[in-house]
Amino acid sequence: MAWRFLEKTAEYGTQSKQNAQKRKIIRLLFHHKELSIPELCQFLELSVPTGTKLVEEFEELNMLVKAGKRESSGGRRPVTYALNSNMGYVIGIELLLRSFKLNIVNLQREVVYEYESDAFDIADKDAAFRFLLNIVPEIVGSRNIPQEKILGIGIGITGRVNHKKGISYSYLHFEHPLTEYLQAEWGVPVFIDNDTHLLAWGENSFGAAQNKENVICVNLNRGLAVSLISNGKLHSGHSGFAGEFGHIFAADNNRLCVCGKKGCLETIVSGLALETAYTAQTGQVLPYKKILALAEKGQFNSAEILNNMGEQLGRSLAVLIDLLNPELVVLGGGFIPVMESMRYAIIRGISMHSLPQLASDCEIKVSTLGDNAGMLGAFAMVFEQVLSP
Ligand SMILES: [Zn+2]
């Protein structure tokens, strides 16, 4: 079987050392898309004959293909290699309060299948679990993807999640870790994390936070959370719950938050807060994404609401900037379509309260990955876990 080198044997020997090197090659090619043998050898600190031998073995298994020739200033141009796209797939899933999203990517990071449903309520535990259990084999079967080609499934879940233990506490919480049930049912490795942590994982692997060491990733959706990259590492916290930014105290407004407390930042900065403001203005009830779509088309005057939200978000981010001294804040989540117009209000809010030196050292950027960042993070998580040395 082509993926046999994924099996991590405990004993230390030539075979297990070679398998670890092979896992590294696949991981490097997933991130860089194509590399020449000398480049691979440099990354892996291998001699060229050893690197060539490993690449040839992969070629025989049909795992690698020759991608092209690298431009070179002189002499022979080295051939580059890429992963054979249809030799493996990773499934990413996002479970939010009222939405279910599933993507399948191939080894070239191309999305080969997308599915989205709003007819999903994560709070309805049994129905949500049954839906999740059934939809994955249904979709995989309809795409004719053999199970041995699925490297793993990465799931981002809203709420409190302990990535290491595979337990989701806020939703889909059972007697045993959620990952145990899903792995037993699907027969492939399953990894879970909080949806905002995966967003940061995506930004750090493929987006604005690539090669950055200290970053705050904002996930402004129906709720609000942040993910912190500190000294190059995702900061999960003691129990894995770090980043509950939406539930810090922000206003004496007596408004009840979904967490059961009053005055949380999420009661004034979130899709939920937008829904409340929309209903107060129009007397109608709409999900926040539909309200944002109306605002984009000029069919709902949201300028003042979004300005106020942006400024308040900036004021609260100022606290984090003073505490953590980040080099970058990435603004992401479902609000991305209007984020560029909110950016100035956010910067205004930050400059009101953050120390000038810290604020001027910190860039504020809107995510270029769109609302796909979390999904890309799910793929990166699976690759990291399955292909770790
Ligand atoms: Zn709250």
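Within the range 146-157, none of the residues are closer than 26 Å to GLY334 by Cβ, at pLDDT below 95, outside the structural domain of HIS247 (by TED's automatic domain parsing) and among the charged types (D, E, K, R).
Please go through the range 88-117 and pick out each residue that is among the β-branched types (Val, Ile, Thr) and crowded, with 21+ Cβ neighbours inside 10 Å. Within the range 88-117, VAL90, ILE91, ILE93, ILE104, VAL105 meet the criteria. The test for being modelled with pLDDT under 95, under 24 Å from PHE191 (Cβ atoms), part of a strand (DSSP E or B) and not assigned by TED's automatic domain parsing to the domain that holds ILE167 holds for LEU234. If the condition is being assigned to a strand (DSSP E or B) and more than 16 Å from the ligand (Cβ to nearest atom), then the range 241-290 contributes no residue at all.
Reported count of residues in the range 177-231, each being assigned by TED's automatic domain parsing to the domain that holds LEU95 and farther than 24 Å from HIS31 by Cβ, is 11. All told, VAL105 meets the bar of being in a strand (DSSP E or B) and in contact with a Phe, Trp or Tyr (Cβ under 6 Å, 6 or more places away or on another chain). Suppose we filter the range 119-156 for residues that are in contact (Cβ under 8 Å) with a residue 24 or more places away in the chain and in a loop (DSSP other than H, G, I, E, B); how many remain? Residues that pass the stated criteria total 6.
Taken residue by residue, the range 248-262 has at least one member that is touching a residue at least 60 places away in the same chain (Cβ under 8 Å), among the β-branched types (Val, Ile, Thr) and under 16 Å from VAL226 (Cβ atoms). Does ALA345 meet the test of being touching an Asp or Glu at 6+ places or on another chain (Cβ under 7 Å) and part of a helix (DSSP H, G or I)? Yes.
Residues checked against (1) on the phi > 0 side of the Ramachandran plot; (2) exposed (fewer than 14 other Cβ atoms within 10 Å of the Cβ); (3) of a type in the set (A, V, I, L, M); (4) in contact with a Ser or Thr (Cβ under 7 Å, 6 or more places away or on another chain):
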{"site": "ASP126", "(1), (2), (3), (4)": "no, yes, no, no"}
{"site": "PHE131", "(1), (2), (3), (4)": "no, no, no, no"}
{"site": "ILE135", "(1), (2), (3), (4)": "no, no, yes, no"}
{"site": "VAL140", "(1), (2), (3), (4)": "no, no, yes, no"}
{"site": "GLU148", "(1), (2), (3), (4)": "no, yes, no, no"}
{"site": "ASN162", "(1), (2), (3), (4)": "no, no, no, yes"}
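The set of residues from the range 108-118 being among the charged types (D, E, K, R) and either in a loop (DSSP other than H, G, I, E, B) or on the phi > 0 side of the Ramachandran plot (or both) comprises ARG109, GLU110, ASP118. Among residues of the range 222-231 being assigned to a loop (DSSP other than H, G, I, E, B) and closer than 24 Å to THR276 by Cα, the one that is nearest to the ligand (Cβ to nearest atom) is GLY223. ASP195 fulfils the conditions (1) touching a residue at least 12 places away in the same chain (Cβ under 8 Å); (2) within 16 Å of the ligand (Cβ to nearest atom); (3) within 22 Å of ASP121 (Cβ to Cβ) except for a single criterion, (2). Across the range 362-389, the qualifying residues are those that are charged (D, E, K, R) and surrounded by 14 or more Cβ atoms within 10 Å (Cβ to Cβ), and the one among them that is nearest to LEU151 (Cα to Cα) is GLU384.
The values are calculated or read from the model by the stated rules, or taken from the named source; none is laboratory data. On a predicted model such as this, the values are computed, not experimentally measured, just so you know. Note: ideal-geometry Cβ built from the backbone for every residue, glycine included; neighbour counts use all protein chains shown.
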